[in-house]
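The values are calculated or read from the model by the stated rules, or taken from the named source; none is laboratory data. A quick note: this is a predicted structure, and the numbers were derived from the prediction, not measured. Backbone-built Cβ (ideal geometry, glycine too); neighbour counts: all protein chains shown.
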Amino acid sequence: MVTTMTKRGQTVVPAEIRQRFHIQSNAKLEWITDGDTIRVILLPTDSIKGARGIAKNSGLMQAFREDRKRERERG
């Protein structure tokens with residue numbers, strides 16, 4: 001998926017991604033650089049719940065696990 005950055009540095013998270021990961025307005029996203037790669041991480045809405053792993057079985061975590069598995073399989 002491709003998005004465009006505005007003059008003010010803003011971009012849009014595509015609807016398909018927002019729906020898949022249940023991203024809503026005011027969600028906190030962390031941007032991480034890794035060499036030539038930029039990763040965007042959805043932060044838990046409640047850091048205490050996130051730290052305790054309450055969201056462990058959420059759709060977000062399942063999607064994350066599936067993505068990691070695909071990355072490992074690709075080598």
## Note on the structure
Note on Thr45: of the conditions (1) at pLDDT 80 or above; (2) outside any helix (DSSP H, G or I), unmet is (1)
### Among residues of region 13-38, those that are out of contact with any helix residue (DSSP H, G or I) (no Cβ under 9 Å at 6 or more places or on another chain), among the β-branched types (Val, Ile, Thr) and within 17 Å of Phe64 (Cα to Cα), counted
4
#### Entry: Residues within region 14-39 that are touching a residue at least 12 places away in the same chain (Cβ under 8 Å) and on the phi < 0 side of the Ramachandran plot, tallied
10
